[in-house]
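Inspection log for the structure reproduced underneath, given as structure tokens.
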Amino acid sequence: NKIKQSDYVIHVENSPSRYEAQLNPEHDFDESVEKTNIIYSLCKKHSKKLTLISSISARVQLDTVYGMNRKSCEYIVGNKSIVIRLGYMYSNHKLYGALRSIYENEDVYLDEDSSYSFSDVIWNAQKIIEITVSQDSGVYELGAKGDITLRQISNILGSNSKFKGNTKDVQIANYIDKDNPAISDFMDYLEVIKKDGK
């Protein structure tokens, strides 16, 4: 199989949707915890190092289905694997989650002071490969140096979105290397999409 033939195994198959996890917790468990258990067992059988792509939610949202299941996946792979927790990301080609809602002037069901260390999708992909090749184990969280609130994002974009949630979500990466991008890169990105789209 592909795992047996691979030099490195990067497990990215867990669903990224917090909303879907809450709506259908059994499905999320199957698609995250059960799937991770299968992949880890195959890696162990063939003596392959595994990199699990997880989420900062595994540290900060243990009161949610999504966070608990992502943490369970981390327990499965143990401390001899690499765990890379991702936070909120942005891309030139697609707007995600609350960022898309703010851009589209839609209601946002989070507290306006929710804060994130947004980082570029391409930078994250490159960093995942770098860590996978250079490290044997450990937990790493990827994100920008610094953070930004949803309120600040809304102000920069001149959005008319209403914040209707009372959940303050804070997902700031705690693994900051010297080459991590600055949050100002994301703010520059916001100015570009504001100019291009409005």
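Numbers for the structure displayed
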{"read-out": "Among 125, 137, 160 the positive-end extreme of the charge dipole of the chain (Cβ point charges)", "value": "137"}
{"read-out": "Accessible carbon and sulfur surface of the stretch 1-135 relative to its total accessible area, %, 1.4 Å", "value": "51 percent"}
{"read-out": "Cross-link table 2/35; 127/178; 2/80; 45/80; 2/49, entries beyond 18 Å C-alpha to C-alpha", "value": "2/80"}
{"read-out": "Between helix 183-197 and the chain: long-axis angle, C-alpha atoms, 0 to 90°, nearest 10", "value": "60 degrees"}
{"read-out": "Theoretical ellipticity at 222 nm over the chain - DSSP helices of four or more residues, -39500 (n - 2.57) apiece, nearest 500", "value": "-12000 deg cm²/dmol"}
{"read-out": "Answer label, with Rg/Rh (Cα atoms, Kirkwood Rh) calculated from the coordinates and candidates (i) 0.99; (ii) 1.08; (iii) 0.93", "value": "(i)"}
{"read-out": "Candidate aspartates and glutamates for bridging to residue 162, where Cα separation is under 19 Å - those fewer than 8 sequence places away on the same chain excluded", "value": "104, 106, 107, 111, 112, 113"}
{"read-out": "For the stretch 28-142, size of Cβ-based charge dipole, Lys and Arg +1, Asp and Glu -1, in debye", "value": "920 debye"}
{"read-out": "Spacing of the two label points (7 Å from each Cα toward its C-beta) at residue 8 and residue 34, in nm", "value": "3.0 nm"}
{"read-out": "Extension gain from residue 196 to residue 168, taking 0.36 nm per residue of separation minus the Cα-Cα distance", "value": "7.1 nm"}
{"read-out": "Per residue value of the accessible surface for the chain (all protein chains in place, 1.4 Å probe), Å²", "value": "54 Å²"}
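The values are calculated or read from the model by the stated rules, or taken from the named source; none is laboratory data. As the structure is a computational prediction, the values presented were derived from the model and not from experiment. Reconstructed Cβ throughout: ideal geometry from the backbone, glycine too, with neighbour counts over all protein chains shown. Note: areas computed on protein heavy atoms with side chains; ligands, DNA, RNA excluded. Shrake-Rupley method; radii C 1.70, N 1.55, O 1.52, S 1.80 Å.
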